[in-house]
Amino acid sequence: MASAWITMFATLLLAFVNGTKDEVHTSPSVRVHTSTPVVALGSPVTASCIIRDDCPLIKGAVWHLNHIVWHLNQRLIPSSPAAANESGRTSAAATNESGWISTVLYSVANQSGWNSTVFIPSFTDTKGYLTCCVLHTFPCQIVGAVEIRAGFPPPAPQNLSCLTNLTKPETLSCQWDPGQDTHLPTQYTLYTEIRDLPESNTYMLPPGVHHYKIPRTGFVLFSEIEIHVKAVNALGQATSTPLLLEPMESAKFDPPKVMKVQAEPNRYGCLRLSWGLSEQQAWVTTVTLEVRLKTANSKQWSEEPVPVPRLMRQRPMEVCRLLHGTEYHIQIRVRYHQSPWSEWSNSNTAVTLERAPTGRLDSWMKVSREQRQKSLSVHLFWKPSKQFRANGKILYYVVSRQRQPLKKGQLCVTLDSHCVFQLPRGARKVFLSAGNAAGTSSPTEVEVFQHRALAAVSDVNVLPHDERSLLVQWTSIHSSSVTGYVVEWRPLWKMDPSLILFDHIDRNQSSTLISESIEPYNPYGISVYPRYKDGIGLPQTVEAYSRQKAPSAAPNLRVREMLHSRIELTWEEIPLCQRNGIVQSYQIFYWDEQGNTKVVTAELEKRRVVLRELDHSSSYKAFIMVSTGGGSLNGSEVTLKTEPMDDLAIILIVISSGVGLSLLIIISVLVCFSTHERLKMCFWPKIPDPANSSIKRWTTLDSMQDIPPVEDMQESSLVYLSHLSLLDLPKKGLEKRDGEITDDPWCRCSDTSDLGESICGSPHALSPSYIGSHQHSVPYATVVFDSPYSIQPPSQSHAYLRSESTQPLLEEELEEPSSPKEYQNVPVRGTSGEQVSFRECLNDSPGRGELCILWDDFPLLRALAINDVQSET
């Protein structure tokens, strides 16, 4: 049983693959029919296939009901096995892969034949062939077929419109929108009916045509006509909304002709033009016109054309309220009542009558004065204000010292927008006027403000707004004397003063947008001037670009100096017209033969660079890269070669090295073995040990023969490593009780270091001669006098105090065990911690032996004896 089902399924599949509509061979014994060949898309469909017994395909064959199958567009409609019912009928139902639910019925009636019926609940194809196939032979034999079409009823035509063509042959062209596609052949019919005449016409169109031209015999130009369209297909019909019109009001005229345009005599701002219709439409008597104009230097026509209603044919028309002395281009178009406008006519030109200019001129004056000159040099710029009307072609501008521009007081007459002239220092105002062929404008008064060193604005900043405009910003000056600002800009690559532009800004503003004559990639100098009641302040100027890009050209490197280890390169500045932006850096890239690359950034102002630490007799390659705010550009590559080291240079280097080494050896030997003490002291100064020094007796002048004079010591280049400080103490600081000092000033000082500077915070005068020659020496000891030492009586004893300097000692002195680790006030033998005052040893003074022994520990104090002797003499 299973093998039988497999065989039947394979047979059906082959029949589905191989069956085509070209193989349809119907037989008189077979009839396939359906309830309707055209259905609405998505509607159910039922079809029957009746095969009579005398059909040759089944005659004498053993039949089974599953031997009849159905196809839709060569797609098999499957069915399931059927079981016989009591009436002898069997049925089968199945769902195919496309979602169809089909039912196939088989019956035998009076043993006369076979009847198979198929049912499709939803027919979704717009066009389909339903075929009945018998599995008597292989492949399946098609015995009958029927075509079924599906679609939609026609929608009502929309947007019906008609246009009359007055050019012969005259026609009335109508068209409409058919709406949604019906997928079925649709017939359109155009119906017309003339209201004034009992006449109607019907025009049938081929399927798919949605327009029609009604001939001249089907309409009357000045009579109303009703038009409608009817659409019909197999599923229904629809009619458009009727259109009622007068053919003349739907006529579109040919472009008219402007024959002549001229200025009206004695009528300022008016033009008179003559016009006409085309030859085939010249019979029309009344039309409506529209006029559009543009000035000679304008690229756009006026936005709102000037209407001229109900104008008679060939009658001239007048257009007024135009600018005086201005050349205009004029075009016209026509229509009849509310009919469509014709195309614009040809263009014609004319100039209105001139009048004297009206309005004032905006001005900007720059005044300079030399100290020795008695006159002022004035450069005056001007431009039309918003209220200014030239009323013709400007022929001249006059700058005069008088309100009436008489020849005697004229300073300059020019057609440019600037002028340079001289004024006396006392001048306060000038007058500016513009003139054309009809006269001169009222003079504009210009006050002469001298540029003074008044406060300038700050923080001027210029930002690109777009490619052809710049936004200028600044910080306002908060002063009641400021009346406004002047923004001036000019192209930097041209020095023509006529290119200088300006704008007046209100005192309450701190920014403005400039767009006149601004182009991308070009530099502009922008200055902001404050205006005061009594003068013009100093300007602030910046350079700006509306847009930047890489430079158009890079500078060429030139070798200025070439040595064996360095090369100096220079280059010229890029011309302003080729920079395309503000130059931000110059970078030099260079590399050796091994490919080792280095980069050097040069200073913008110097435009030079030095390549250092190069190998001699070596080749290098280099190029320059210049960068702006919009990009970078590399220059041409150049080859550099350092100079070789010649023999003479090598010999000089060797000789110089040898001579230097020899001198160093000679100086070292002389220093080491020289007996000259002054020379030795320059290299090895002797630093005494204060702890092992002693104070000697005050010597006489004869005993100081071996000590060099002070003048010689000052003139010598000795390095002083220690010195003595001589201080005077105030008398009230010392009080004597029973012949002894009871109030020792040193006892109140916890720090006695550097007593030559201060004692307990109180400054004392030093010896002037001593300070001048010992400014950089180290304190050795301090000698304190209770009265000025320069007038010290011989009998007065002196007080000495050891320095607390921590200056290191010589190596041999550090090795002595008697030297203390630090300088400090060492108590005298036989005392226990009290402050010691060293006094001069006299022959009859008690205790001379112990004190003089301690004085011998400070040999450098012998200088006191010298100063003392000299003062006594």
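List of remarks:
- Of all the listed residues (Pro520, Pro530), the sole one being modelled with pLDDT of 90 or more, in a loop (DSSP other than H, G, I, E, B), surrounded by 14 or more Cβ atoms within 10 Å (Cβ to Cβ) and of a type outside the set (Asp, Glu) is Pro520.
- Scanning segment 341-366 for residues that are closer than 30 Å to Leu245 by Cα and open to solvent by 50 Å² or more (accessible area, probe 1.4 Å) yields Trp341, Glu343, Trp344.
- Sole residue being within 46 Å of the chain's Cα centre (by Cα), among the β-branched types (Val, Ile, Thr) and outside the structural domain of Thr171 (by TED's automatic domain parsing), chosen from Thr288, Thr326: Thr326
- Residues (in contact with a Gly (Cβ under 7 Å, 6 or more places away or on another chain) and either basic (Lys, Arg) or not in a loop (DSSP other than H, G, I, E, B) (or both)) located in segment 234-261: Lys257, Met259
- Screening the candidates Asn391, Asn346 for the property of being part of a loop (DSSP other than H, G, I, E, B) and within 30 Å of Ser278 (Cα to Cα) yields one hit, Asn346.
- Pairs meeting the criteria (first residue in segment 597-621 and within 14 Å of Pro644 (Cα to Cα), second residue in a loop (DSSP other than H, G, I, E, B) and among the hydrophobic types (A, V, I, L, M, F, W, C), beta carbons under 6 Å, at least 6 apart or on different chains) are His616/Met645.
- With respect to the stated conditions, Gln373 fails to be farther than 30 Å from Arg531 by Cβ and either more than 41 Å from the chain's Cα centre (by Cα) or at pLDDT below 90 (or both).
- Hits in segment 274-297 (condition: in a loop (DSSP other than H, G, I, E, B) and open to solvent by 40 Å² or more (accessible area, probe 1.4 Å)): Trp283, Thr285, Ala296, Asn297
- For segment 179-235, filtered to residues that are of a type in the set (Asp, Glu) and exposed (fewer than 13 other Cβ atoms within 10 Å of the Cβ), the residue that is nearest to Gly151 (Cα to Cα) is Asp181.
- Scanning segment 392-406 for residues that are open to solvent by 20 Å² or more (accessible area, probe 1.4 Å) and closer than 27 Å to His324 by Cα gives Lys393, Ile394, Leu395, Tyr396, Tyr397, Arg403, Gln404, Pro405, Leu406.
- Just one of (1) small (Gly, Ala, Ser); (2) in contact with an Asp or Glu (Cβ under 8 Å, 6 or more places away or on another chain); (3) part of a loop (DSSP other than H, G, I, E, B) fails for Gly484. It is (3).
- Residue within segment 563-571 that is in contact with a helix residue (DSSP H, G or I) (Cβ under 9 Å, 6 or more places away or on another chain), open to solvent by 20 Å² or more (accessible area, probe 1.4 Å) and in the same structural domain as Leu614 (by TED's automatic domain parsing) present: yes
- Here segment 161-178 is the region considered, the condition is being open to solvent by 30 Å² or more (accessible area, probe 1.4 Å) and under 58 Å from the mean Cα position of the chain (by Cα), and the residue that is nearest to Val39 (Cα to Cα) is Asp177.
- Scanning segment 194-231 for residues that are closer than 27 Å to Thr285 by Cβ and of a type in the set (S, T, N, Q) yields Thr217, Ser223.
- Filter result (open to solvent by less than 50 Å² (accessible area, probe 1.4 Å) and either part of a loop (DSSP other than H, G, I, E, B) or not assigned by TED's automatic domain parsing to the domain that holds His67 (or both)) within segment 121-138: Pro121, Ser122, Phe123, Asp125, Leu135
- Yes/no for Pro207 being touching an Asp or Glu at 6+ places or on another chain (Cβ under 7 Å) and farther than 30 Å from Ile77 by Cα: no
- Test: residue in segment 424-437 that is closer than 25 Å to Val487 by Cβ, modelled with pLDDT of 90 or more, in contact with an Asp or Glu (Cβ under 9 Å, 6 or more places away or on another chain) and open to solvent by 60 Å² or more (accessible area, probe 1.4 Å): yes
The values are calculated or read from the model by the stated rules, or taken from the named source; none is laboratory data. Everything numeric in this text was worked out from a predicted model, so none of it was measured. FYI the Cβ positions are ideal-geometry reconstructions off the backbone, even for glycines, and counts take in every protein chain you see. With ligands, DNA and RNA removed, areas are computed over all heavy atoms of the protein, side chains included. Shrake-Rupley method; radii C 1.70, N 1.55, O 1.52, S 1.80 Å.
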